[in-house]
Amino acid sequence: MRQTRALAVIVLVMISLLTVPAYVVNAQEVYLNYALVNNTISIDTVHYHIELDANAGGIVNMTLKNDLGDTYDVLVNASIPLLSIAINNMTLRNGSLQVVGEENDRVLVVEVVYDAGNLTVRERLYFYSWTPLINVNIEANNTIENLSIIIPVSIYTSNNESINLIYSYIENGNFTSKVIASSGVHIIKSNEVPVAYSLVSIETLGNQTGHGNVSFFEGASFRSAVAMKKLIINSTEANNTRQYIAEVVYGNVTSVYLDLLATNYLPAVLAIPPFAAAVESVADLGKNLDMIARLQKYINDLEDRIETLNSTIKNLQNRLADVQKQLDNYKGCEDHYKQEIKARDYQIQRLQERLHKTGLIEASVFIIGIILGVIAGVYIIKNKCR
């Protein structure tokens, strides 16, 4: 019961923080950069580096980053691209890729169009700067009897690392997460609503026993669960490289929606439902002191950033008010300055003429008059042109 309450608290806290990074960190800390070359786009954020190749039919390279500065390769010599699409067992390739939407280095929308005979399939992927969650929308101009979305993970594994495959679903109104076999086909039951598929890597340090740390997480949540028919899992291992391929199969659909998540330990994301339940099923969040410590560090960092940003905003507002005040002071004074300069020029001309006609005494008196006139002019400018 205490573990459940602890999980609930973490979930609620982190859900409340999910939108915070988008507003409290500066452009150097949260960003989304991309480069489009021919039919391939590379995307770089604080969470990952991705290469999406429309000719190959999906993501061919993905390296994860986290808030601790670690990196994690998700696709190592993968034979199948991530988020590739198969129609009637034929994988779609040689698509046409273009950027169809972007927003201030924070949101990027990429569309890949595939021509599959009498079918036109459009795949839209939504990338964000503040979260590694990727939204995927697939639409076709006609009904597809058998559509598969293939989600491979190919990773180097260590001796102290265990991989867990979790399937989350609702059965008779009850939410359930269970560990599934590393290979096999799961047929979706009539009274079963699929929620998510997750691959969780748990790493223990040295001879540590019990629950370890979440070193890697990959998952997909199903927003088109009604049309989902099968979940196929295959796994192979060679040369210390382990490859998992999840194939989500739909029947008689024109559109499919799902969310892809891959992270190298990011607390704010691991707490997103339904993925938090998958992590809880294999890692004891209630007793994982390392996760709590990292979570507290994450919160402290956010608070520091908020305080710094608020101070910066206040300083900028004060500077803006001072500049505006100076601009207001000088409004309307331009013509007055021009008239004063014109009058001084005229007086200087008269002085030069008198110097030629009169003596030094008269010239000196006239200079004193000019000086007094200048002083009076400055006084007028200061008092009337503010």
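The values are calculated or read from the model by the stated rules, or taken from the named source; none is laboratory data. Remember, it's a predicted structure, so these values are computed and weren't measured experimentally. Every residue, glycine as well, gets a Cβ built from its backbone with ideal geometry; the counts of neighbours run over all protein chains shown. Remember, those area values only see protein heavy atoms, side chains included, never the ligands or the DNA or RNA. Shrake-Rupley method; radii C 1.70, N 1.55, O 1.52, S 1.80 Å.
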Item checked: Every residue from the range 123-137 that is of a type in the set (A, V, I, L, M, F, W, C), open to solvent by 30 Å² or more (accessible area, probe 1.4 Å) and either part of a strand (DSSP E or B) or in contact with a strand residue (DSSP E or B) (Cβ under 8 Å, 6 or more places away or on another chain) (or both) -> L133
Item checked: Options I188, I170, I232; residue that is at pLDDT 85 or above and farther than 28 Å from N88 by Cβ -> I170
Next item on the list: Please find, among Y197, Y169, the residue that is in a strand (DSSP E or B), surrounded by 15 or more Cβ atoms within 10 Å (Cβ to Cβ) and touching a residue at least 40 places away in the same chain (Cβ under 8 Å).
Entry: Y197
Notebook entry, point to check: Which of the residues belonging to the range 61-77 are within 15 Å of the chain's Cα centre (by Cα) and part of a loop (DSSP other than H, G, I, E, B)?
Noted result: N66, D67
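Conditions tested, residue by residue: (1) open to solvent by 60 Å² or more (accessible area, probe 1.4 Å); (2) closer than 17 Å to N252 by Cα; (3) at pLDDT 90 or above.
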| position | (1), (2), (3) |
| --- | --- |
| D70 | yes, no, no |
| I85 | no, yes, yes |
| L92 | no, no, yes |
| V121 | no, yes, yes |
| E139 | yes, yes, yes |
| N142 | yes, yes, yes |
| S148 | no, yes, yes |
| S158 | no, no, no |
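Yes/no per residue for (1) of a type in the set (V, I, T); (2) in a strand (DSSP E or B); (3) under 16 Å from the mean Cα position of the chain (by Cα); (4) crowded, with 16+ Cβ neighbours inside 10 Å:
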site: I43; (1), (2), (3), (4): yes, yes, yes, yes
site: A56; (1), (2), (3), (4): no, no, no, yes
site: I59; (1), (2), (3), (4): yes, yes, no, yes
site: S79; (1), (2), (3), (4): no, no, no, no
site: V99; (1), (2), (3), (4): yes, yes, no, no
site: E111; (1), (2), (3), (4): no, yes, no, yes
Notebook entry, point to check: Restricting to the range 200-229, what's the tally of residues that are open to solvent by 30 Å² or more (accessible area, probe 1.4 Å), assigned to a strand (DSSP E or B) and at pLDDT 85 or above?
Noted result: 1
Item checked: Hey, A262 within 13 Å of S168 (Cα to Cα) and either at pLDDT below 75 or assigned to a strand (DSSP E or B) (or both) or not -> no
